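Accompanying notes for the structure given below.
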Amino acid sequence: LLKQGFSNKLVISGGPIYQTVTAASLMKEHAISMEVTEDQIILQDLSCTTAEDALYTVKILQEHGFKKVIVVTSFWHSRRAMSLFEDQETSIQFLSCPCAPEWIGSWWQDPSATRSIVTELLKFIWGP
């Protein structure tokens, strides 16, 4: 989406994984390897949950004056993520762009995919 001109900034979020390593820092390195420049990247590396992700990321978006934001996440996570972003008291318009995996038509045959989808469904039903 960045290379297609939908935005000139990439906000990457994700908190601690191990000691000083964050999900955001790993995704930043991957983005740089795909020719995204450091000045295009805004990092949010504090969140440990999707609810915190929405809270901390919206603060950063407001500080930078964003009006419209495309939320990119896995297809099974996008509905709950969008709900949590939209729950924030903000005038920012959020658009969803879920990423479909290769196994979308046969997710039940992949134990990791099945676990991810069932976990996401339970989180959606019982809260963030």
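The values are calculated or read from the model by the stated rules, or taken from the named source; none is laboratory data. Please read these numbers as outputs of a predicted model, since none were measured by experiment. Methodologically, a virtual Cβ is constructed for each residue, glycine included, from the backbone with ideal geometry; neighbour enumeration extends over all protein chains shown. Heads up: the accessible areas ignore ligands, DNA and RNA and are worked out on the full protein's heavy atoms, side chains in. Shrake-Rupley method; radii C 1.70, N 1.55, O 1.52, S 1.80 Å.
Tabulated data
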{"item": "For CYS48, distant residues with modelled amide H under 5 Å away", "result": "ASP53"}
{"item": "Rounded percent of accessible protein surface that carbon and sulfur make up, the chain, 1.4 Å probe", "result": "56 percent"}
{"item": "Whole-Hz couplings from phi, Karplus 6.51/-1.76/1.60, listed for segment 82-88; x for Gly and Pro", "result": "4, 4, 5, 5, 5, 6, 6"}
{"item": "Backbone HN-Hα couplings from phi across segment 68-75 [Karplus 6.51/-1.76/1.60, Hz, Gly and Pro as x]", "result": "10, 9, 9, 8, 10, 7, 5, 5"}
{"item": "Electrostatic dipole magnitude of the chain [Cβ: Lys, Arg +1; Asp, Glu -1; Cα centre; debye, to 20]", "result": "260 debye"}
{"item": "Expected 222 nm ellipticity per residue - DSSP helices of 4 or more, -39500 (n - 2.57), all of the chain, to 500", "result": "-12500 deg cm²/dmol"}
{"item": "Highest average packing first - 89-100, 73-84, Cβ atoms within 10 Å", "result": "73-84, 89-100"}
{"item": "Global geometry of segment 25-128, whether rounded, prolate or oblate, following the gyration tensor of its Cα atoms and the 1.5 cut on a/c", "result": "oblate"}
{"item": "Where a label projected 7 Å from the Cα of GLN93 along Cα→Cβ would reach, residues of segment 65-82 with amide N under 18 Å", "result": "65-72, 82"}
{"item": "Full-extension gain in nm, LYS68 to PHE124, via 0.36 nm per residue minus C-alpha separation", "result": "17.7 nm"}
{"item": "Added length on full extension, which subtracts the Cα-Cα distance from 0.36 nm per residue, GLU38 to ARG79", "result": "11.8 nm"}
{"item": "Accessible area in square angstrom per residue, the chain, 1.4 angstrom probe", "result": "67 Å²"}
{"item": "Cut-off under 5 Å, modelled amide H: who pairs with LEU10 long-range", "result": "ILE41, ILE42"}
{"item": "Computed E for THR20/ILE60 - FRET, C-beta separation, R0 25 angstrom, nearest 0.05", "result": "0.80"}
{"item": "Interchain or long-range residues, amide H under 5 Å from SER74's placed H", "result": "CYS99"}
